[in-house]
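Okay, structure first, notes after.
The values are calculated or read from the model by the stated rules, or taken from the named source; none is laboratory data. Keep in mind the model is a prediction, meaning the values are calculated, not measured. Please note: Cβ atoms are built from the backbone with ideal geometry, for glycine as well, and neighbour counts cover all protein chains shown.
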């Protein structure tokens, strides 16, 4: 092989190696996503973001729900999914006290599902705020369901005793429900109406006024609750 042909051959091999490395980075980076590798969706999005890693810290992102807080009865052909207007996927989980709770059993109540974890600092800050809303709106039929994600039973029970919230808690020990609900960047919230339909969702720590506005989308309107 002449020297010029040899150099051309080596250059071709080098180019192929670079191409393989670039392709490998494009595939592997999302799988090992760090803080800069997952971009949050726009506030107007109506489907939840792809799941980042558990260590990722993300800003609060809120889905756009309907302008009215009136309850909308779903059609028989309603699609099961996470987008606003879809029927929330059902799940059943154990509770720290040894019982079980199923989402579909809560039909007839507006339901606020909050995904949290003992290792989530923002969850610790937010759970007392959620407790306040729970105590204020129990009379309207509100059920808050706190779903603990990926930890041990002992850790969940200890944390529940420490934060001392009184709304129902469930344990997603293996994180399967969190994966189903794309809830790996905690905290994550879903507001589900009396018919089991998703009316809003958000992830990240949210201020009280934003939580109140989102909750208002599943609570009965004042005219609906008046005699």
Are any residues in the stretch 160-182 buried (at least 18 other Cβ atoms within 10 Å of the Cβ) and modelled with pLDDT under 90, and if so, which ones?
160
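If you check residue 179 against the conditions, is it in the same structural domain as residue 150 (by TED's automatic domain parsing), part of a loop (DSSP other than H, G, I, E, B) and over 17 Å from residue 143 (Cβ atoms)? Steps first, please.
On the way: in the same structural domain as residue 150 (by TED's automatic domain parsing): yes; part of a loop (DSSP other than H, G, I, E, B): no; over 17 Å from residue 143 (Cβ atoms): yes.
So residue 179 fails the test.
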Tell me which residues, restricted to the stretch 101-131, are without any contact (Cβ under 8 Å) to a residue 40 or more places away in the chain and surrounded by fewer than 14 Cβ atoms within 10 Å (Cβ to Cβ).
102, 105, 121, 128
Against the condition part of a loop (DSSP other than H, G, I, E, B) and within 16 Å of the chain's Cα centre (by Cα), how does residue 122 come out, does it pass?
no
Does the stretch 152-164 contain at least one residue that is touching a residue at least 12 places away in the same chain (Cβ under 8 Å), on the phi < 0 side of the Ramachandran plot and either not assigned by TED's automatic domain parsing to the domain that holds residue 208 or not in a helix (DSSP H, G or I) (or both)?
yes
Kindly indicate whether residue 201 is in contact (Cβ under 8 Å) with a residue 24 or more places away in the chain and not in a helix (DSSP H, G or I).
yes
Can you name the number of the only condition in (1) part of a helix (DSSP H, G or I); (2) closer than 15 Å to residue 103 by Cβ that residue 195 fails?
(1)
Restricting attention to the stretch 214-226, does a residue exist that is farther than 17 Å from residue 111 by Cβ and in contact with a strand residue (DSSP E or B) (Cβ under 7 Å, 6 or more places away or on another chain)?
no
When the stretch 132-145 is checked residue by residue, the ones that are crowded, with 17+ Cβ neighbours inside 10 Å, part of a helix (DSSP H, G or I) and touching a helix residue (DSSP H, G or I) at 6+ places or on another chain (Cβ under 8 Å) are 133, 137
